[in-house]
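J.: Following this message is one structure expressed as structure tokens.
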Amino acid sequence: MAGQRERIRMTDVEVAKFLATERTLQVASIGADGTPHLVPMWFTVIDGRIAMWTYGTSQKAANLRRDPRVVCLVEAGEAYGELRGVTITGEAEIHDDYDTVFSVGAQLYGRYQGDMTHASRAGI
């Protein structure tokens, strides 16, 4: 007999669909003094991995350069019976190279703002 946790666990397909439709995730990194640092972020999924964009001087980037352990939570629901979420744990990889940063940025722009056009790139 399956326990409650097994009865409510999302399948891989359900997780992929959930991540494709939800818009914000919480990212937890570890500060220099060991305190958790939790921030909301826009994200996308690239090759089955969570990707996000931030400034290299941000607190989360500083934390992840020092200690790459990270926990991400995407959650949804208003009433208790509607609550659902996906937690992802692992080690973050920070990419500083232009091509990767541009690619992630373009995918995020497309996800949240729509297709890039010459007008959108020019700020029009």
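J.: Are any residues in region 84-115 of a type outside the set (Ser, Thr, Tyr), under 17 Å from GLU22 (Cα atoms) and part of a helix (DSSP H, G or I), and if so, which ones?
T.: First pass over region 84-115, keeping only residues of a type outside the set (Ser, Thr, Tyr): 84-86, 88, 90-97, 99, 101-102, 104-108, 110-111, 113-115.
From what is left, the residues that are under 17 Å from GLU22 (Cα atoms) are 84-86, 88, 107-108, 110-111, 113-114.
The answer is GLN107, LEU108, GLY110, ARG111, GLN113.
J.: Among the residues in region 71-88, are any β-branched (Val, Ile, Thr), loosely packed, with under 14 Cβ neighbours inside 10 Å and modelled with pLDDT of 95 or more? Spell out how you get there, then give the answer.
T.: Taking region 71-88 first, the residues β-branched (Val, Ile, Thr) are 71, 74, 86-88.
Remaining after also requiring loosely packed, with under 14 Cβ neighbours inside 10 Å: 87.
From the residues that got through so far, the ones that are modelled with pLDDT of 95 or more too are 87.
Checked region 71-88: at least one residue is β-branched (Val, Ile, Thr), loosely packed, with under 14 Cβ neighbours inside 10 Å and modelled with pLDDT of 95 or more.
J.: Also: Would you mind stating whether GLY56 is over 30 Å from GLU14 (Cβ atoms), modelled with pLDDT under 95 and open to solvent by less than 100 Å² (accessible area, probe 1.4 Å)?
T.: Numbers: over 30 Å from GLU14 (Cβ atoms): yes; modelled with pLDDT under 95: yes; open to solvent by less than 100 Å² (accessible area, probe 1.4 Å): yes.
Considered against the rule, which asks whether it is over 30 Å from GLU14 (Cβ atoms), modelled with pLDDT under 95 and open to solvent by less than 100 Å² (accessible area, probe 1.4 Å), GLY56 comes out as yes.
J.: For region 10-37, which residues satisfy the criterion of being surrounded by 11 or more Cβ atoms within 10 Å (Cβ to Cβ), in contact with a strand residue (DSSP E or B) (Cβ under 8 Å, 6 or more places away or on another chain) and without any contact (Cβ under 8 Å) to a residue 40 or more places away in the chain?
T.: Within region 10-37, the subset surrounded by 11 or more Cβ atoms within 10 Å (Cβ to Cβ) is 10, 14-19, 22-32, 37.
Now drop any that are not in contact with a strand residue (DSSP E or B) (Cβ under 8 Å, 6 or more places away or on another chain), which leaves 10, 15-16, 18-19, 22-31, 37.
If the condition is that a residue be surrounded by 11 or more Cβ atoms within 10 Å (Cβ to Cβ), in contact with a strand residue (DSSP E or B) (Cβ under 8 Å, 6 or more places away or on another chain) and without any contact (Cβ under 8 Å) to a residue 40 or more places away in the chain, then ALA16, ILE30, GLY31, HIS37 are the ones that fit.
J.: Give just the number: which of (1) at pLDDT 90 or above; (2) outside any strand (DSSP E or B) does ALA2 not satisfy?
T.: Condition (1) is where ALA2 drops out.
The values are calculated or read from the model by the stated rules, or taken from the named source; none is laboratory data. Predicted model, so just to flag it, every value in this text is computed and none were measured. For neighbour counting, all protein chains shown are included, and Cβ atoms are generated from backbone atoms with ideal geometry for every residue, glycine included. Ligands, DNA and RNA are excluded from the accessible area calculation, which covers all protein heavy atoms including side chains. Shrake-Rupley method; radii C 1.70, N 1.55, O 1.52, S 1.80 Å.
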